[in-house]
Amino acid sequence: MTEMQSFVVPARAPDVPIRITGIRTLVVNAEMRNWIFVKVMTDQDGLYGWGEASLNWKTRAVCGAVEDLEALLLGRDPRDIEQCLRILNKHSYYRLGIIGATAISGIEHALWDIFGKSVGLPVWRLLGGQARNKVRIYTHLGLGDMRSVYETFDRGALRDKARQVVSRGYDALKVVFIPYGHFTARIPERRQVGLLMETLREAVGDNVEIMVDFHGRPASVGAALQFIEELTPYRPMFCEEPVQPGDTEAMRQVTERAGCPIATGERLVGFKEFEPLFAAKAVHVIQPDLNHVGGILEGKRIAAAAEHAFMGVAPHNPNGPLAGIAALHFDVSTPNFVIQEEMSGAVPWYDDVVTTPLKRTGSFWEVPIAPGLGVEINEAAAARHPFKPEVMHTRSAVLEDGTIVDW
């Protein structure tokens, strides 16, 4: 397919076998990052599925993983999603890390798209049905411009960019203005963070939610808590990833002593890496990325366990449009969903490449009704934005004495 088409559910008996005939990737450079679209083809005329497997700075590795995994699913029925996932995970022999899990996630999204199209239903219907009638969303400074997200430390620029977001109808936004640090936080750095948060709250008022992404930059519990102390008077919705992922006890200590909700999870892969957080009641909100955890089904398992641990779910998604629509179907059907990160309109030609039912009213997405994920890709338009190496923001994650720190 080279032009954007509207999918029409083909007439077929429910017991007619469907077989996967091929899986391929389509890379679209969206200026500050690459989107990796995954297309799964079948032996039924006009029946295919789209997913997304975007992973910053790992584009070629993920595309290669998709290509390697393709052989495991050829001839399989794409509607047998559980079985396909077991094959991809168990027959890979070596346990898959973030690159393999991201490749599987993109494939799995496309399988759900095929399944929904084959029965004429939106994917959220197949995930348990409707748990809400609209989905709350938030965006970033710069409305998709990654330089604004990661490089806004000036109070005037922060104020202007925040007001721009609110003027577009959003009532929730996220910022990243925690400085690159080490095991302690210097007094001027702490005061600067407090001033930035004060400026932001004054700019947007009390009716706009603010989330602060620490990006795991503090190297200790103590440093993280010093910054959180500066933020709490201005009532953040949550502070995200205050310490590096993987140390459940450190995260629990931060959560126990912080004066605001704490969130984490964007860099965790699969249920097993989330499980210690649930057992320790280590956070208030989890943030699985459906591009990276292994897909929508794994995300549903994670969300169900989180609900039993009294945790909300706010899926991570700074990725492309197919990732957004996969998250939307997940959000519609997940009872303990809180709020969704989104990057729609990240580039001026966003709507030239993809058409989706991501219909925004204020700070909410509407519930989609089209079969499958409801996505169509204009492959000719996508081809006009081929792969390019992404901007490496990490070069700035160096202290003045040359110490390399977490980005």
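The values are calculated or read from the model by the stated rules, or taken from the named source; none is laboratory data. The structure presented is a predicted model; accordingly, all values stated were derived computationally and were not measured. A quick note on method: Cβ atoms are made from the backbone with ideal geometry, for glycine too, and the neighbour counts reach across all protein chains shown.
Of everything in region 138-155 that's acidic (Asp, Glu) and at pLDDT below 85, which residue is farthest from residue 328 (Cα to Cα)? Applying the filter and picking the extreme gives 151. Here the helices (runs of 4 or more DSSP H) wholly within region 302-395 that include at least 1 residues being buried (at least 23 other Cβ atoms within 10 Å of the Cβ) and of a type outside the set (Lys, Arg) are 321-332, 350-353. Screening residue 9 against (1) at pLDDT 95 or above; (2) closer than 17 Å to residue 111 by Cβ leaves a single unmet condition, (1).
Kindly establish whether residue 79 is over 30 Å from residue 388 (Cα atoms), under 22 Å from the mean Cα position of the chain (by Cα), among the charged types (D, E, K, R) and surrounded by fewer than 21 Cβ atoms within 10 Å (Cβ to Cβ). No.
Does residue 356 satisfy being modelled with pLDDT under 95 and on the phi < 0 side of the Ramachandran plot? Give the steps one after another, and end with the answer.
Working: modelled with pLDDT under 95: yes; on the phi < 0 side of the Ramachandran plot: yes.
So residue 356 fits the description; yes.
Take the conditions (1) part of a loop (DSSP other than H, G, I, E, B); (2) at pLDDT 95 or above; (3) out of contact with any Gly (no Cβ under 8 Å at 6 or more places or on another chain); (4) within 20 Å of residue 225 (Cβ to Cβ); residue 292 misses just one of them, which is (4).
Looking at 332, 405, 338, 398, just one residue is out of contact with any helix residue (DSSP H, G or I) (no Cβ under 7 Å at 6 or more places or on another chain) and within 30 Å of residue 309 (Cβ to Cβ), and that residue is 338.
Could you tell me whether region 57-70 includes any residue that is of a type in the set (Asp, Glu), touching a residue at least 40 places away in the same chain (Cβ under 8 Å) and not in a helix (DSSP H, G or I)? First the steps, then the outcome.
Within region 57-70, the subset of a type in the set (Asp, Glu) is 67-68, 70.
Those left that are additionally touching a residue at least 40 places away in the same chain (Cβ under 8 Å): 67, 70.
Those left that are additionally not in a helix (DSSP H, G or I): none.
Within region 57-70, not a single residue is of a type in the set (Asp, Glu), touching a residue at least 40 places away in the same chain (Cβ under 8 Å) and not in a helix (DSSP H, G or I).
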